[in-house]
Amino acid sequence: MSPTPSGLRIKSPESLIAESGADLEGHGLKRTMGLFQLVCFGVGAIVGTGIFVGLSDTVAEAGPAVILSFILAAITCIFTAFSFAELGGAIPVSGSSYSFAYATLGERVAFLVGWCLLLEYGVSVSAVAVGWSQYLNELLDSVFGRQLPEALSAGPADGGVINLPAVVVILMAATLLVRGIRESAGATAAMAVLKIGILIVFCAIAYSAFEAGNLTPFLKDGMAGVTSGASLAFFSYIGFDAVTTAGEEVKNPRRNIPLAILICIGIVTLLYVAVAVAAIGALGADAVGNKPAALSLVVDQVTGSSVGGGVIAFGAVVAIASVVLAVMYGQTRILMSMSRDGLIPRVFERVSPKTHTPVANTWIVASVFAIPAAFSSLDAVVNLTTIGTLATMVAVNIAVIALRRSHPGLKRSFRVPLYPVSPILGVGFCLYLIWGTGWTTWVQFAVFLVVGALVYALYGRRNSRLGAGEG
């Protein structure tokens, strides 16, 4: 334990790195991912429901100025991405934001960051799976002319009984994850390349019907609409920090993690702006806003055929499945790090000697988050997921400053540019987007944090290995 004037339980970066390499259960993780696979993993974690499903809701808020919403969300991510890149290169372990907070802000804050990551990685798996179900029906309609019964493909909030496709995609991802990281990374890379190709095809088709007049009036609801749209658009970027959860399974992590984060943000921002401009330019904001499977709708309208829309729906099914896979991976690695520290039960840290994966951990995550996927709607969890992610990003930006002060000589393969202005701006932009989520979401998030604080007080603090002198 690092002594501090306030008595905080802080674990040194050296201890975190040493423990990540230690074989706590007799079987460790393997370094099998190179830079290309890591970039594909990052893109796989990001590009999915946010652009294929959430675009229509963002357009409904901001109109043609959705372009500014995506750019504002991207700027928020870029400043925070710099912080993730520095911390990921300096502390290349699986815990991501949780481990960074543990090394800088103390155990209590680290636990709450890990608690918030349940929203970013766990609850978002449920949301993404619901979006997958919507596009699966669109694909079935395009190919076979019929869809799954609403009772079996939507939760009660959307007029159905149970969303079985959402449950199925979560179980499929869990099956692949327990087989091994090499197989999971290979599948994610293939799906990432495919969905980028599909979005490029969409842009080519939509730009063929582009009309500049569809971009006016540009600021239909002023900057308020842009801000509200940016808070929704931010959901489309959730997942880029998943790259740091692979810290123990990446070759040359100090070099590859920072590179992969920055490359992912660049690729995704270009794609999102291009897709948004193409969609609105082709049909107009009113036609795109609040429409499920909006990209398929655009292609169907432009081509006058359902074939093109079917291709886009296929791409969406693949894209969203890869997000489920990548985000579930991130959740299991964060829980494994928390379990190593004694803050949650030890079952989450156990690694299979055969597959070198946390099998029990993976199936627990799949089982727990399949339940809201089966019975909830996408809209019910998007804002809560967004605010939880933004809160962890605030902590990461602060962690960069704290680590520079506490460990100035620590080896860093990447340094935040314009320090300390960059992380301070990162905090500011995150708080600005949190403001845009609305007071209802603030109340829900406050309750969520109170529950997390109670869990830490009743279990985490009492079972902490660092508190017991084991760290």
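Which ones in the stretch 448-471 are within 22 Å of the chain's Cα centre (by Cα) and of a type in the set (A, V, I, L, M, F, W, C)? Spell out the reasoning first.
Here is the first cut: in the stretch 448-471, the ones within 22 Å of the chain's Cα centre (by Cα) are 448-449, 452.
Within the stretch 448-471, F448, L449 meet the criteria.
Rundown of residues vs (1) in a helix (DSSP H, G or I); (2) among the aliphatic types (A, V, I, L, M); (3) at pLDDT below 85, yes/no style:
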{"site": "P165", "(1), (2), (3)": "yes, no, no"}
{"site": "V168", "(1), (2), (3)": "yes, yes, no"}
{"site": "L171", "(1), (2), (3)": "yes, yes, no"}
{"site": "A174", "(1), (2), (3)": "yes, yes, no"}
{"site": "L177", "(1), (2), (3)": "yes, yes, no"}
{"site": "A189", "(1), (2), (3)": "yes, yes, yes"}
{"site": "L194", "(1), (2), (3)": "yes, yes, yes"}
(request) Consider L262 carefully, then state whether it is in a helix (DSSP H, G or I), closer than 30 Å to I75 by Cα and at pLDDT 85 or above. (result) no
(request) Name the single residue, out of those in the stretch 66-95 being touching a Pro at 6+ places or on another chain (Cβ under 8 Å) and part of a loop (DSSP other than H, G, I, E, B), that is modelled with the lowest pLDDT. (result) P92
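Specify which of the listed residues (V93, V130) is buried (at least 23 other Cβ atoms within 10 Å of the Cβ), within 22 Å of Y237 (Cβ to Cβ) and not polar (S, T, N, Q). Write out each step before concluding.
On the way: V93 fails: within 22 Å of Y237 (Cβ to Cβ).
Only one candidate qualifies: V130.
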(request) Please find, within the stretch 28-53, the residue that is modelled with the lowest pLDDT out of those that are of a type in the set (A, V, I, L, M) and in contact with an Asp or Glu (Cβ under 8 Å, 6 or more places away or on another chain). (result) L29
(message) Given the criteria surrounded by 17 or more Cβ atoms within 10 Å (Cβ to Cβ), more than 21 Å from F84 (Cβ to Cβ) and touching a Ser or Thr at 6+ places or on another chain (Cβ under 7 Å), does N397 qualify?
(response) no
(request) Taking K220 as meeting all but one of (1) part of a helix (DSSP H, G or I); (2) modelled with pLDDT under 80; (3) of a type outside the set (S, T, N, Q), write down the number of the exception. (result) (1)
(message) When the residues of the stretch 96-131 are narrowed to those that are of a type in the set (S, T, N, Q) and part of a helix (DSSP H, G or I), which ends up modelled with the lowest pLDDT?
(response) S124
(message) Residue under question is G63, and the condition is that it be at pLDDT below 80 and either within 17 Å of P258 (Cα to Cα) or among the small types (G, A, S) (or both); does it hold?
(response) no
(message) Looking only at the stretch 414-431, filter to residues that are small (G, A, S) and in contact (Cβ under 8 Å) with a residue 60 or more places away in the chain; which one of those is surrounded by the most Cβ atoms within 10 Å (Cβ to Cβ)?
(response) G426
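The values are calculated or read from the model by the stated rules, or taken from the named source; none is laboratory data. Note that the structure is predicted; figures quoted are calculated from it, not measured. Quick reminder, even Gly has a Cβ in these numbers, built from the backbone with ideal geometry, and neighbours come from all protein chains shown.
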